[in-house]
Amino acid sequence: MNHEAAGAPITGKVVLVTGASSGIGEAIAARSAGAGHQVVAGARRTDRLRELAERTEQATAASGGGIHPVRLDVTDRDDVAAFVETARERFGRVDVLVSNAGVMPLSRLDSLLVDEWDRMIDVNVRGLLHGIAAALPHFTAQGGGHFVTIASIGAHQVVPTSAVYSGTKYAAWAITEGLRQEADPSIRVTTVSPGVVTSELADSITDPGAAEAMHAYRRHAIAPEAIAEAVSYALDQPDDVDVNEIVVRPARQR
């Protein structure tokens, strides 16, 4: 439901979520809208975004929140800039950017799947940087904002087949930590590192050995709503409380 178009006052925060068409991003968008926030949900699969908005409309209407689908390719810097600017023009401000878009085509280095390495770097690292470049000037100008990066347990450990993926997620962690240290205290910065979560990430694995290993690895996955709850916790803190890092694993993951 578009409360803005209907003339109703905007409630909650203006929360931008990338990679919102499935998995963790979808859960974050739904949870945030259900909490009364206006969620600008970005992804390439706009049909999935529209389905999400329709599916959650009744619940979000009760809270005053809403989901607003926008096509987004995080690898395109101009696209990301337009995503943030469109949200600012529509709602008058941007309060939160959740950089969630990511890909995980795992493989051993000797498989030499260089195109897949490049894709991970483009989405997981450049996509994050594009979001920071687009949102940081707005946060600075308005005197506040909140960056949330969805990293991975892969930022904290490396296993065979995860060298490049873990490298991109360590980069995401490092970039976000650097942003925290450099940013004005009015800008909060949070990194959330999920363990094994039910999602479509593993569907992009083309290497047979990595796919087989991942099937066993993902046997004890938790729901993406667990990560959405962690993000919600960070967003709900008072302005002078900055939740910098959260790691969320299945209890069976060691």
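The values are calculated or read from the model by the stated rules, or taken from the named source; none is laboratory data. What you see is a predicted model, and the numbers here were worked out from it, not measured in a lab. Quick reminder, even Gly has a Cβ in these numbers, built from the backbone with ideal geometry, and neighbours come from all protein chains shown. For the accessible areas, the whole protein counts, side chains as well, though only heavy atoms, and no ligand, DNA or RNA atoms are used. Shrake-Rupley method; radii C 1.70, N 1.55, O 1.52, S 1.80 Å.
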Mind listing the phi-derived Karplus ³J(HN,Hα) values for the stretch 168-182, rounded to whole Hz, using 6.51, -1.76 and 1.60 with θ = phi - 60°, and x for any glycine or proline?
-> 5, 6, 5, 4, 4, 4, 5, 4, 5, 5, x, 4, 4, 6, 7
So what's the net charge close to Leu16: Lys and Arg +1, Asp and Glu -1, counting the other residues with Cβ under 12 Å from its Cβ?
-> +2
Taking Cα atoms, the helix 208-217 axis meets the longest principal axis of the chain at an angle in degrees (rounded to 10) of 60
What is the stretch 1-105 by shape, rounded, prolate or oblate, if you read a ≥ b ≥ c off the alpha carbon gyration tensor as root eigenvalues and call it rounded for a/c under 1.5, prolate for a/b larger than b/c, and oblate otherwise?
-> oblate
Do you know the relative contact order of the stretch 82-213, to the nearest whole percent, from alpha carbon pairs under 8 angstrom that are 6+ apart?
-> 33
For the stretch 44-130, calculate the relative contact order in percent as a whole number, restricting contacts to Cα pairs under 8 Å that are 6 or more residues apart.
-> 29
Say we join alpha carbon atoms closer than 10 Å with springs in a Gaussian network model of the chain; which of Pro238, Pro137, Pro194 then has the biggest fluctuation?
-> Pro238
In whole Hz, what ³J(HN,Hα) sequence does the stretch 80-86 give by Karplus (6.51, -1.76, 1.60; θ = phi - 60°), x for Gly and Pro?
-> 5, 4, 5, 4, 5, 5, 4
Would you mind finding the longest exposed-site-free stretch of the chain, with exposed GluC sites (Glu not before Pro) meaning DSSP loop and at most 15 other Cβ atoms within 10 Å?
-> 5-199
Picking from Val197, Val80, Val159, which is most flexible by a Gaussian network model of the chain using Cα springs under 10 Å?
-> Val159
In the stretch 108-167, trypsin sites (Lys or Arg not before Pro) in a DSSP loop with at most 16 other beta-carbon atoms within 10 Å | Arg108
Listed residue (Ala41, Met104, Ala59) projecting farthest to the positive dipole end of the stretch 38-134, Cβ model = Ala59
Which ³J(HN,Hα) values in Hz, rounded to whole numbers, follow from the phi angles of the stretch 99-115 under the Karplus curve 6.51 cos²θ - 1.76 cosθ + 1.60, where θ = phi - 60° and Gly and Pro get x?
-> 8, 10, 3, x, 10, 9, x, 5, 5, 5, 4, 6, 6, 6, 8, 5, 4
Treating the beta-carbon of each Lys and Arg as +1 and of each Asp and Glu as -1, no other charges, what is the dipole magnitude of the chain about its Cα centre, to the nearest 20 debye?
-> 440
Angstrom value of the Kirkwood radius, inverse mean 1/r, which spans all Cα pairs in the chain | 18.2
Largest-first ellipsoid semi-axes for the stretch 53-141, taking √(5λ) over the Cα gyration tensor eigenvalues, angstrom | 30, 18, 10
Given the rule -39500 (n - 2.57) for each run of at least 4 DSSP H residues, summed and divided by the residues of the chain, what is its mean residue ellipticity at 222 nm, to the nearest 500 deg cm²/dmol?
-> -14000 deg cm²/dmol
Ala35 long-range amide H proximity, modeled H, under 5 Å | none
Using a 1.4 Å probe over the heavy atoms of the protein chains, calculate the carbon and sulfur portion of the accessible area of the chain as a whole percent.
-> 52
Near the amide H of Val197, under 5 Å away, which other amide H atoms are found, from residues 5 or more places off or on another chain, if H is placed in the peptide plane?
-> Ile222
For the chain, calculate the relative contact order in percent as a whole number, restricting contacts to Cα pairs under 8 Å that are 6 or more residues apart.
-> 19
Find, among the chymotrypsin sites (Phe, Trp or Tyr not before Pro) in the stretch 83-190, those assigned to loop by DSSP (not H, G, I, E, B) with at most 11 other beta-carbon atoms within 10 angstrom.
-> none
